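Note sheet for the following structure.
Bear in mind these aren't lab numbers, they're just calculated from the coordinates by the rules spelled out. These numbers come from a predicted model, not from an experiment. Note that we place each Cβ from the backbone using ideal geometry, even for glycine, and neighbour counts take in every protein chain shown.
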Amino acid sequence: MLKLFESEIQDIDLLKDDELAVDIKNLSIKLNGKKVLKDISMRIPRHMTTAMIGQSGCGKTTLLNSLNRMNELNQHYSFSGEVWIEGRNVYSKKENVARLRTKVGMVFQRPNPFPMSIYENVCFGLKIQGMSERRKLDDAVEKALRNAALWTEVKDRLFDSALTLSGGQQQRLMIARALALEPEILLLDEPTSALDPLTTLHIEELINDLKKRCTIIIVTHNMQQAARVSDYAAFLHQGELIEYSDSDSLFTMPAKKQTEDYITGRYG
Amino acid sequence: MAKTKLNHQQLHAFSSITSGFAAALLLITLIALVIFISIRGSAYFWPMTIYQVDFTDTFKKQTSTYQISAWDKEELLANLNSRVQSQFVNQQTEAPYFRINISQDVFQVILKDGKVKLGKLVSLNSPNGVSNNFKDFEAVQENVKLLLSSLETIQFEQMAPLHERLSQYDKNQVAEDAPARLRVLDAFFLAQEKSNDLQIELEKYFILFEDAQKHQFRIDIRDIEAVYQPNEMEIFAELEYMLERIVQFLGDSPKQAATSGGVFPALFGTVMMVLIMAVLVAPLGIMAAIYLHEYAPETAFTSFIRISVSNMAGVPSVVYGVFGLGFFVYVVGGTIDSLFYTDSLPSPTFGAPGLFWAALTMALLTLPVVIVSTEEGLRRVPGGLRAGAYALGATKWETVTKTVVPIASPGMITGLILAIARAAGEVAPLILVGAVKFAPSLPVDGEFPFLHLERQFMHLGVFIYDGAFHNQTNTQGSAMMFASCLLLLIIVFVLNLFAIVVRNKLRNRYTR
């Protein structure tokens, strides 16, 4: 039993290329003239949950945003390096950014539902992709809401405003909204930082379920949460990747002194 | 020892009292304005009492009698005294003497051309006989209305087409004695005969009237708009009179040099101008604001544009008028004329002030209002919403049209309605670019192309400006100006109220 469990979580360096969801190569990013990420290389395995931890301002969110090119919304932005997702360099000139973002979904720190009905929120992305057949949309909405564990709560009020939902429900709606597009990768940017502990637990369970469907990359400040939900974990400090390994080793016997200090709460 | 400096608490009390006082003063001023305009304006619709004024000229030792309508006896007396004293000021004589009484059995006859006759009814004459009872008047007037409508039918549906056919024959040089031409001519004369008979018949309906000097004269019933007995009116009759006058005010043209009648052409012109302006300014302003806020990078150039927009809002409106006249009318309009209307030159078509140039000038004038409030609306859209749309694979255009614009729509609508209210009340630039004190025809009629953008038009603000100058001495005329002010005030208030309601409705829809 133990052997089986160990074989599931491989060592990072032993991963083969076809087991990777994301391959980041020498990525450096400057925002407003300040170097935020310095020469990051990371191999993120498919259908696993990878956590990014580190102090505020260490570049976790920037790294996450660089995977679906959300950084480009910032005007003063420059980068170098490559990000390979499913065999394509997403920073190549030919890449269709809008299409990339449907494949790499994202959930933000604060729930940001559109001021429309719950139903409209979930099918927003699908409609943009050109799906207009009512029955297909209905099915997709139901499936997405079920996968986000929200269906039973909202199935009778699908056409109420999404703004009438509670904070936890809104955040799950955000996950459903992203899942509706059936992304290969789901980026979660501190998804529970604005939620209470019980709702947080809900979302964490949801993350464990979602692993079967897509690769999850989560940024979190909460060390316990990172240890609970992640298979792999990366520790960033001032724009540099200090340590990256499977969560068990990172949280129980970190290789670097800095990581140990951060995990045990000596700074940060 | 007394402290010279105020302590913190005193300062607080002082500031709250002064600011409260300022706010109260503002409110009182506003309410006073509205009440003043409402009272003076609604007086126009209220029936005036008819007074018999006996004027004794102590210099010439003569007494003469007049009938004058007025709302208030004291005001009438003051008015009369001031008028007469100015004549007698250099003559060392006794001041003239007035005696004012309410007239009995007196009628107020309002003619169709806006004139008002006061006096006693001597007799009501119709082919059926002579009557002294005014109660028969309505039945007689009904008869006259029927005759008039049949006359109109003959003139417009029989004579006019025949006349047109005849002039066509003239054009085609059909011989004078061609049988077709003679047939048409016969029909025409037949119709003319019928119409003459009707005219003669109509002249048999008239009333004999006697004024205060005991002069008798006749008034054709076909010329009469309405007859009232204001001194004998009960409250319901007064209300009915008021309602009739309001309907006339809104639906009729100004008469007797804008001292009676209605303001319909001015109201219509205002609405037309404002609508065309809205059509011009809405897309331009909203697109400019969307570009500035969503697309333009933050450079020195965009901040220069922003500063220019704010400065545009501060440019005196008459400067816009001069610009509109100099550029739109003379340059653009003149060019259009020389390219497309060469037939009618040298008389200008678009090269003269007109409805379209006025609307365009006002669109320019209200552009800053629309841009600023649209940008305000766009600024209210949370940044997270844009990021959310992008993260779901929306392009910039989809993000703007599907999430940003709907949420910013309250701001856009508010800006548009504020612009409309501004344009409805503006005067100075309009005088220069197309609003006139009297326009012979409306900018919309049954003649192709139905909407005549090159025509001059009437505008409520210009109407008030013009009338207020010329009617200072005329009680009835100045009352009409106040009534027009009241109407303008109501229009602007209603528009603002509408803006608030729409904004709140949309805001509720898009934020919880």
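Given +1 at the Cβ of Lys and Arg, -1 at the Cβ of Asp and Glu and no other charges, the dipole of the range B:107-228 around its Cα centre is 320 debye to the nearest 20. Charges were assigned to the Cβ only: +1 to each Lys and Arg, -1 to each Asp and Glu. The resulting dipole of chain B about its Cα centre is roughly 2580 debye.
Per-residue 3J(HN,Hα) values for the range B:324-334, derived from phi via the Karplus relation 6.51 cos²θ - 1.76 cosθ + 1.60 with θ = phi - 60°, read x, 5, x, 8, 5, 6, 7, 7, 5, x, x Hz in sequence order (x marks Gly and Pro).
Here the Gaussian network model covers chain A, with springs between Cα atoms less than 10 Å apart; of A:244, A:232, A:77, A:77 fluctuates the most. Using a ≥ b ≥ c from the Cα gyration tensor of chain B (square roots of the eigenvalues), is it rounded, prolate or oblate, where a/c under 1.5 gives rounded and otherwise the larger of a/b and b/c decides, a/b for prolate? Note, shape of chain B comes out oblate.
If you plug the beta carbon distance of residue B:40 and residue B:97 into 1/(1 + (r/R0)^6) with R0 = 30 Å, you get a FRET efficiency near 0.50.
At most 16 other Cβ atoms within 10 Å and a DSSP loop assignment: could you name the chymotrypsin sites (Phe, Trp or Tyr not before Pro) in the range B:412-458 that fit?
Details: sites: B:438, B:450, B:457; in loops: B:438, B:450.
Those satisfying the criteria are B:438, B:450.
If a/c stays under 1.5 just call it rounded; otherwise compare a/b with b/c (prolate if a/b is bigger, oblate if not). Do that for the range A:28-153, with a ≥ b ≥ c from the square roots of the Cα gyration tensor eigenvalues. Verdict is prolate for the range A:28-153. For chain B, relative contact order (Cα pairs under 8 Å, six or more residues apart, normalised by length) works out to 16 percent. Placing a label point 7 Å from the Cα of residue A:261 along the Cα-to-Cβ direction, the residues of the range A:50-87 whose backbone N falls under 15 Å of that point are A:54-56. Using θ = phi - 60° in the Karplus curve 6.51 cos²θ - 1.76 cosθ + 1.60, the 3J(HN,Hα) couplings for the range A:260-265 round to 4, 4, 5, 5, 7, x Hz; x is entered for Gly and Pro. Does the protein assembly as shown come out rounded, prolate or oblate, given a ≥ b ≥ c as the square roots of the eigenvalues of its C-alpha gyration tensor, rounded meaning a/c under 1.5 and, failing that, prolate meaning a/b above b/c? Prolate is the answer for the protein assembly as shown, as a/c is 1.5 or above and a/b outweighs b/c. A simple charge model with +1 on the Cβ of Lys and Arg, -1 on the Cβ of Asp and Glu and nothing else charged puts the dipole of chain A at about 860 debye relative to its Cα centre.
Charges on Cβ only, +1 for Lys and Arg, -1 for Asp and Glu, centred on the Cα centroid of the protein assembly as shown; of B:149, B:420, B:231, which one is farthest towards the dipole's positive end? The listed residue farthest towards the positive side: B:420. Helix B:355-379 and the longest principal axis of the Cα set of chain B meet at an angle near 40°. Of the trypsin sites (Lys or Arg not before Pro) in the range A:9-80, the ones in a loop by DSSP (not H, G, I, E or B) with at most 11 other beta carbons within 10 Å are A:16.
Exposure proxy shown here: for A:213, B:386, the number of other Cβ atoms within 10 Å sets the order, fewest to most, as A:213, B:386.
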